[in-house]
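Notes for the one structure printed next.
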Amino acid sequence: MKQTLTLMICTLVVALAGCASVVNDDEYNKLAAQAKNEIKLADKTGFLWLNTEKTMKESKEAKAAADKAMKDGDKTTAKNEFDKAMKLANKAMKEAQLAQQQARDNANPVAVFK
C-alpha cells in the first residue's frame, strides 16, 4: 500500500513538473509593457539612448525564439532564450529610466566652480 501511494505521488510530481512551462508569457508581457512605457517617456524628453529600442527589439526576437523552441519541445533552448528576452527587456527599461534621469539632470544644469 505504501509503495503504491509513493509511486502515485512520484508520478504526479513528475507529471506536474513536465507540464510546467519555462516560458512565462504574462511575466514577459508585463515587463515588455513597462519597458515600452519607459521608452516612450524617454523619447518625449528627447534623451532616448541610441540602442534602447534596438535592445527591446532583440528582446522580442529572443521571446519569439523561446516560443518557437517551446513549441518544438526544446525546453533548454526555450529557457535560455526566455532568460535572454527577460534580461534584454530589463536592460531596455533601465536604459530608458536612466535617459529620463539624464533629461531631468540636464533641465537645470548648475555650474560648479572650484
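The values are calculated or read from the model by the stated rules, or taken from the named source; none is laboratory data. From a predicted model like this one, the values you see are computed outputs, not experimental measurements. The area values use the complete protein model at the heavy-atom level, side chains included, leaving out ligands, DNA and RNA. Shrake-Rupley method; radii C 1.70, N 1.55, O 1.52, S 1.80 Å.
Worth a mention:
- J(HN,Hα) series, the range 35-49, from Karplus relation 6.51 cos²θ - 1.76 cosθ + 1.60, nearest Hz, glycine and proline x: 4, 4, 5, 5, 5, 4, 5, 5, 5, 5, 6, x, 10, 4, 6
- Taking all protein chains into account, the per residue accessible area for the range 26-113 stands at 67 Å² (1.4 Å probe).
- Integer Hz, Karplus 6.51/-1.76/1.60 couplings in order for the range 79-88, x for Gly and Pro: 5, 4, 5, 5, 4, 5, 4, 5, 4, 5
- Residues of type lysines that LYS57 reaches as a straight line, Cα spacing below 20 Å, ignoring anything fewer than 8 places off in the same chain: LYS30, LYS36, LYS40, LYS44, LYS68, LYS79, LYS84, LYS87, LYS91, LYS94
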